[in-house]
Amino acid sequence: MAFKILTAEVSHETNTFSVRQTDADAFRDRFFLLGDAALKERAHANTELAGVLDTGRTYGWDLRHVLSVSAGPSGFVKRSAFDWFAEPIIQQASEETFDGVLLCLHGAMVPDFCEDGEGELLRRLRSVIGVGVPIAITLDPHANVTREMCDLANIIVSFKTYPHIDMRETGRQAGHILQRTMAGEIRPGTVMARVPMLEEVNGGRTDIGPMIARLESARTYESRDDVFAVSINAGFASADIAQVGPTVLVTGQGDFAAHTTFAQTIANDIWVRRHESLNTFLSVADAANMARSFPSGKGPLIIADYADNPGAGAYGDSTYLLEALLAAGVDDAAFGPMVDSEAVKLLIKAEPGAPVTLALGGKTNPKFGGGPIDLVGELVSVWDGKFVGDGPMLGGLSASFGPCAVIRVQGIDILVVTLARQILDLQQFKAFGIDPVKKRVVALKSMQHFRAAFEPIAGDVIVCDSGALCTPSYGALPYRNVRRPIFPLDDFEG
Ligand SMILES: [Zn+2]
């Protein structure tokens with residue numbers, strides 16, 4: 001007999017410091033897809049849902065996919081938006097009987113009425129399906145995992161890569177554990193260890209550094225008969241909530257004391273190595289100076305503005321780095337994105353080739369990353385903002401910046417967009433007539449994800465801190481709700 005499974009994808013990473021609250025339109029801007037429409041768009045790419053479907057085919061599941069919904073990282077999720085996407089899931093769960101539930105979540109959602117969006121969704125779900133039906137969830141390792149999430153879900157599996165490139169594999173792993181649970185073969189539960197930190201010192205990056213060894217030992221522990229998944233979450237520091245920070249989870253059965261001890265061993269390593277930052281955060285002036293003298297012909301110098309990463313809820317309109325590049329006379333360069341819907345509205349009225357004068361960027365909150373800068377340049381092109389990724393993260397997925405334009409100022413091609421998005425894929429420049437490979441310098445907004453697509457073409461990579469909303473200088477942010485003491489806000493060294 002085929003098992004009947006309820007699935008849904010719900011993803012938001014909430015930066016509680018952002019002044020931009022997240023309403024239903026913000027979700028529609030990224031994607032809100034019901035049932036078959038979601039399967040059509042998301043089932044054939046590197047997504048958790050695709051992995052779940054792979055597993056479903058293997059075991060012949062009778063699968064009901066309710067919806068897939070995601071908004072770009074931004075401020076508190078409004079209750080009206082939360083209820084709007086939660087309701088169809090709860091409704092479907094209450095109308096039919098299911099053998100299992102599999103939700104693809106992010107894990108760092110904060111609605112405006114509670115600190116734990118995923119916990120609230122699971123609580124509502126449990127209230128209609130009861131405690132007997134197994135729930136599996138997948139998470140992004142930038143989840144702030146709460147005690148409630150571990151209690152309400154039986155199975156938790158996080159991605160094991162940052163840049164995230166194992167979404168589909170994660171979906172398959174969660175699906176496989178759920179299958180064994182429904183078949184009565186195993187009875188998993190999840191234990192957690194945590195440390196008093198806002199996030200793992202390198203945000204959990206897995207290309208280099210101590211996460212590699214931690215994940216290896218996690219995989220070894222996972223090979224035990226009574227362990228099904230070990231997840232190491234870096235946490236998400238831009239959420240001012242009590243249960244912020246790194247967590248280590250073991251989904252298993254049997255000797256939970258041993259599982260907890262193992263999780264604590266990894267968590268302790270995260271704590272002990274809390275000062276071992278792998279990035280050197282340059283000032284924007286130092287980054288611009290390096291760009292000025294960077295030789296052509298060896299691939300572009302990639303400058304990542306870590307602090308203005310829209311992928312962590314920054315506004316994407318910080319002007320300090322662009323200002324520094326212009327002041328240093330950097331040319332043969334690309335810069336993107338600059339999120340400024342007002343500027344786009346003006347630019348798309350002009351003809352390509354026309355001279356343009358405008359105040360660009362810095363309009364959301366100049367305190368983080370600088371105010372608007374007055375520019376004189378040339379309009380190169382205007383676009384509808386749509387692109388299809390071809391890199392390791394976005395390959396085959398379509399997405400949009402909304403209406404956008406490219407302007408050229410002193411030899412810098414600037415991509416000005418309507419919707420904030422992190423740069424994850426070369427197509428986010430190429431689709432708009434900018435070939436990053438051919439530039440001497442490419443300045444982009446991302447912390448770590450850009451590495452998957454841009455390191456292979458880079459002459460060199462540097463990272464800077466523009467002082468925007470996701471600045472690694474956490475002392476600049478008004479934390480009030482995180483548990484104290486916590487690193488690095490409080491002194492643990494004395
Ligand atoms: Zn993430």
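The values are calculated or read from the model by the stated rules, or taken from the named source; none is laboratory data. Source: prediction; values computed, not measured. FYI the Cβ positions are ideal-geometry reconstructions off the backbone, even for glycines, and counts take in every protein chain you see.
Okay, here's what the table says:
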| read-out | value |
| --- | --- |
| Qualifying residue in segment 457-468 (condition: buried (at least 21 other Cβ atoms within 10 Å of the Cβ), within 16 Å of the ligand (Cβ to nearest atom), aliphatic (A, V, I, L, M) and within 19 Å of residue 277 (Cβ to Cβ)) | no |
| Given (1) part of a helix (DSSP H, G or I); (2) more than 24 Å from the chain's Cα centre (by Cα), index of the condition residue 311 fails | (2) |
| Residue that is touching a Lys or Arg at 6+ places or on another chain (Cβ under 9 Å) and either at pLDDT 95 or above or surrounded by fewer than 24 Cβ atoms within 10 Å (Cβ to Cβ) (or both), where the choices are 488, 478 | 488 |
| Residue tally, condition away from the ligand (no atom under 16 Å from the Cβ), more than 23 Å from residue 242 (Cα to Cα) and out of contact with any Phe, Trp or Tyr (no Cβ under 8 Å at 6 or more places or on another chain), over segment 96-124 | 6 |
| In segment 204-227, residue surrounded by the fewest Cβ atoms within 10 Å (Cβ to Cβ) [restricted to those that are within 14 Å of residue 158 (Cβ to Cβ) and touching a Phe, Trp or Tyr at 6+ places or on another chain (Cβ under 8 Å)] | 222 |
| Check on residue 410, under 20 Å from residue 353 (Cβ atoms) and either surrounded by fewer than 22 Cβ atoms within 10 Å (Cβ to Cβ) or among the acidic types (Asp, Glu) (or both) | yes |
| Which listed residue, of 78, 160, is within 16 Å of the ligand (Cβ to nearest atom) and either of a type in the set (Lys, Arg) or without any contact (Cβ under 8 Å) to a residue 12 or more places away in the chain (or both) | 160 |
| Any hit, segment 174-181, residues being farther than 26 Å from residue 5 by Cα, hydroxyl-bearing (Ser, Thr, Tyr) and more than 16 Å from the ligand (Cβ to nearest atom) | no |
| Residue match in segment 457-476 (condition: more than 20 Å from the chain's Cα centre (by Cα) and within 20 Å of residue 196 (Cα to Cα)) | yes |
| Pairs with Cβ under 8 Å, 6+ apart, first in segment 334-351 and closer than 16 Å to residue 409 by Cα, second in a helix (DSSP H, G or I) and among the small types (Gly, Ala, Ser) | none |
| Only one of 8, 93 that is more than 16 Å from the ligand (Cβ to nearest atom), crowded, with 22+ Cβ neighbours inside 10 Å, modelled with pLDDT of 95 or more and outside any strand (DSSP E or B) | 93 |
| Close pairs from segment 103-127: first in contact (Cβ under 8 Å) with a residue 60 or more places away in the chain and surrounded by fewer than 21 Cβ atoms within 10 Å (Cβ to Cβ), partner of a type in the set (A, V, I, L, M, F, W, C) and assigned to a strand (DSSP E or B), Cβ under 7 Å, at least 6 apart | 112/77 |
| Any hit, segment 246-256, residues being within 16 Å of the ligand (Cβ to nearest atom), of a type in the set (A, V, I, L, M) and touching a Gly at 6+ places or on another chain (Cβ under 9 Å) | no |
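Residue by residue, here is whether (1) part of a loop (DSSP other than H, G, I, E, B); (2) at pLDDT below 95; (3) within 20 Å of the chain's Cα centre (by Cα) holds:
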residue	(1), (2), (3)
261	no, no, no
266	no, no, no
274	yes, no, no
304	no, no, yes
317	yes, no, yes
323	no, no, no
